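Before any comments, here is the structure.
Here, each number is a calculation from the coordinates, and none is a lab measurement. These figures come from a predicted structure and were not determined experimentally. Glycine gets a Cβ as well: all are built from the backbone with ideal geometry, and neighbour counts include every protein chain shown.
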Amino acid sequence: MAGPRQGIAFMGLAGLMPLLVSLLLAMLMLLPLGSGIAGYAMPHLVMIACFYWLSWRPLLMPYGACMAVGLLLDLWLGVPLGVNIIMLLLTRLFVLNQLKHYKGKNRGVYWAVFSAMAFMLFGISWLIMCAVTGTILSVDAIFLQWLVTSFSYAPVAFILGRLRRWIL
Amino acid sequence: MQTSGVGDRGVRFRRGARGRDAFWLYMGIALAMLALEIFGSGIPRQIRGYANDFVAPVLSLFEGPIRASQAGLERLAGVGDIYLENQQLREENDRLRQWRVAAQRLILENERLSQILKVPEREIPPVATANIIGVGGGAFERSVLLNAGSGDGVLVNLPVVDELGLVGRTIEVGYLTTRVLLITDLNSRVPVRLERTNAVAIAEGLNEPFMRLRFMPVNSSVQVGDRILTSGHGSLYPPDVPVAQVVSIEDDIILLKPSSSLDTLDFVRVMDYRPLPPEVVETEDPEGQTN
């Protein structure tokens, strides 16, 4: 269990790094990277970042931070307000409840847990979007985004791991 | 030691209870926001329009190096095909020279006939020429972010085009930025006509690279390769703007490939197309029927 000295208040500016990195990744998700198909299947970098920081430094990514990042992501992506907030709040709830089962295991287990969680969360976001638009949306695009996000976990987590060892 | 363990458990319990409270508080706020979206309130859209203004400077900063690196990669990838491409371009150039002569003759003829018949001018000036600085919508929507907003005279519901055809229409306008709903978005419906037969229909977005042609008149003929233009119905888009080309016909499913280069959008023009005078728009009743 992380001690109180690992919270944001005790770590100063370094403690804000997970939040700032998540915001930076949220901005990256908006950039017109690659061709149209790449734009359609941009990995959910913020979900990867939240899962990573919650698995390694849960006190540096409180519910308030998840809410703030989710709200900005909703605003910037132009999706209905609330979709990404719910996804990130559920990410925190999931990790805090399941961390005891996979903490300390090898990276493959983290990757598999992330993929399973992302599958569930993308499914929930699909249901929310169907409710908001009042239509049954195609699952192809969301399935593709889940695949891309799952495959992107390893490289993104590697970079975040380097950052964590360097700063925190 | 035992006292310390009990104390730790107490701290953990209090922290857990606070966490649960925070979770439900934020979840309640998120659900309230979703309810605003579902029940059609315009507030979230207005907030979104101005929220993009805050991120625009950062996106503009990143956008330059990204475009440069993309161009570099495309150049590297194209080196292998350069001889073949050169040959194709020479042939195309020869064909275009012939077309240029024909086009110049037709322009002169068209101008002369228009003057004789006193046909009103159909050229639509642009409000702004803008750069794409961001994409949006995730897996659910197809939209892009422009670096021009109400400060440049952009309004909601103006058509947006690139050099090849229709791109979409403006839906959220901030002071510095504008979000454009692409014609491939699921919520996009463009009134169109077939160039060859003049049959009118609707081009629907599918949230995929292709669009679908619907509501064609019975017994109308459609062929692969037919060009689709805006019909001008609905007063949202000007007539005769290229929209797409028919690429596949299977049973009653007609798929279209957008004419505009949506995959590699860079600069676009926001057209100053407002067919209804302002006083008519202002006197619209709440049910959308014009007085």
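Other residues lying with their Cβ under 14 Å from the Cβ of A:Arg164 contribute a combined charge of +4, Lys and Arg counting +1, Asp and Glu -1.
Length gained on full extension, B:Asp272 to B:Gln223, computed as 0.36 nm times the residue gap minus the Cα-Cα distance: 14.3 nm. Over the Cα atoms of the protein assembly as shown, each weighted equally, I'd like the Debye log10 I(q)/I(0) at q = 0.10 Å⁻¹, rounded to two decimals. These q points yield log10 I(q)/I(0) values of -0.84. Dimensions of region A:86-143 along the principal axes, based on C-alpha atoms and rounded to the nearest Å, stand at 43, 21, 11, largest first.
Testing the spin-label approximation: label points 7 Å from Cα along Cα→Cβ at B:Ser60 and B:Asp251. State their distance in nm. Taking the simple label geometry, B:Ser60 and B:Asp251 are separated by 5.0 nm. Here region B:125-198 is described by how far its Cα atoms reach on the three principal axes: 42, 33, 19 Å, from widest to narrowest. Once you have the Cα-Cα distance between B:Asp81 and B:Gln115, take 0.36 nm times their residue separation minus that, and quote the gain in nm to one decimal. Taking 0.36 nm per residue and subtracting the Cα distance, the gain is 7.5 nm. Measuring r between the beta carbons of A:Leu24 and B:Ala102 and using R0 = 60 Å, the FRET efficiency lands at 0.65. Sites listed here are trypsin sites (Lys or Arg not before Pro) in region A:87-168 whose DSSP assignment is loop and whose Cβ has at most 14 other Cβ atoms within 10 Å: A:Lys103, A:Lys105.
In percent, rounded to a whole number, the relative contact order of region B:125-204 is 23, using alpha-carbon pairs under 8 Å and six or more apart.
One way to sum up the overall shape of region A:4-167 is the equivalent ellipsoid from its Cα gyration tensor, whose semi-axes run 25, 17, 16 Å, largest first. Measuring r between the beta carbons of A:Val139 and B:Val200 and using R0 = 45 Å, the FRET efficiency lands at 0.90. Using the Cα centre of region B:42-274 as the reference point, and only Cβ charges (+1 on K/R, -1 on D/E), how large is the resulting charge dipole? Debye, rounded to the nearest 20. That gives region B:42-274 a dipole magnitude of about 520 debye. In sequence order, region A:84-99 has phi-based couplings of 6, 4, 4, 4, 6, 5, 5, 4, 5, 4, 4, 5, 5, 7, 10, 4 Hz under the Karplus curve 6.51 cos²θ - 1.76 cosθ + 1.60, θ = phi - 60°, and Gly or Pro positions carry x.
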